[in-house]
Amino acid sequence: MANNIIHLEKDWQDTIQTHLPNTYTCNKLAGFYSLFSDATRLKIIITLLLKEMCVNDLANLLNINQTTISHQLKILKSMGAVSSYRKNKFIFYSVDNTLINSIMINGVDFILKKAQ
């Protein structure tokens with residue numbers, strides 16, 4: 001396919017080929033970014049960045065069905081975006097990865113700058 005490239009110099013072709021992640025990595029990255037593609041998940045992430053909570057508190061605070069919250073938390077947990085621990089009969093969730101916080105801040109900055 002590289003033989004069909006008309007305008008891109010060979011040096012750039014090599015640079016791009018060197019830096020382009022493999023398909024596995026691209027698929028994992030797409031899955032990671034999909035965490036931020038649902039408004040409910042975003043609300044949960046933002047809330048948990050501020051304070052760890054159980055499902056009941058999240059559902060009441062966000063005014064979202066408990067089943068929906070649990071489903072979204074399962075997705076977030078499976079991708080490593082949230083962690084949990086049990087305290088008595090409750091399971092508390094939190095975002096304990098500072099990279100998630102940075103991604104959220106950068107996303108908000110991007111949106112605000114685009115709105116100007």
Task: Of all residues making up the range 88-116, the number that are exposed (fewer than 10 other Cβ atoms within 10 Å of the Cβ) and either under 16 Å from residue 44 (Cβ atoms) or not β-branched (Val, Ile, Thr) (or both) - done: 8
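I'd like to check which helices (runs of 4 or more DSSP H) are fully inside the range 1-69 and have at least 2 residues that are over 18 Å from the mean Cα position of the chain (by Cα) and touching a residue at least 12 places away in the same chain (Cβ under 8 Å). Break it down stepwise before answering.
Values: elements: 10-19, 23-34, 39-50, 55-62.
Of the helices (runs of 4 or more DSSP H) lying wholly inside the range 1-69, those with at least 2 residues that are over 18 Å from the mean Cα position of the chain (by Cα) and touching a residue at least 12 places away in the same chain (Cβ under 8 Å) span 55-62.
All of the numbers you see were taken from the coordinates with simple rules; none came from a lab. In this text, all values refer to a predicted model and were calculated from it rather than measured experimentally. Every residue, glycine among them, receives a Cβ derived from its backbone with ideal geometry; neighbour counts consider all protein chains shown.
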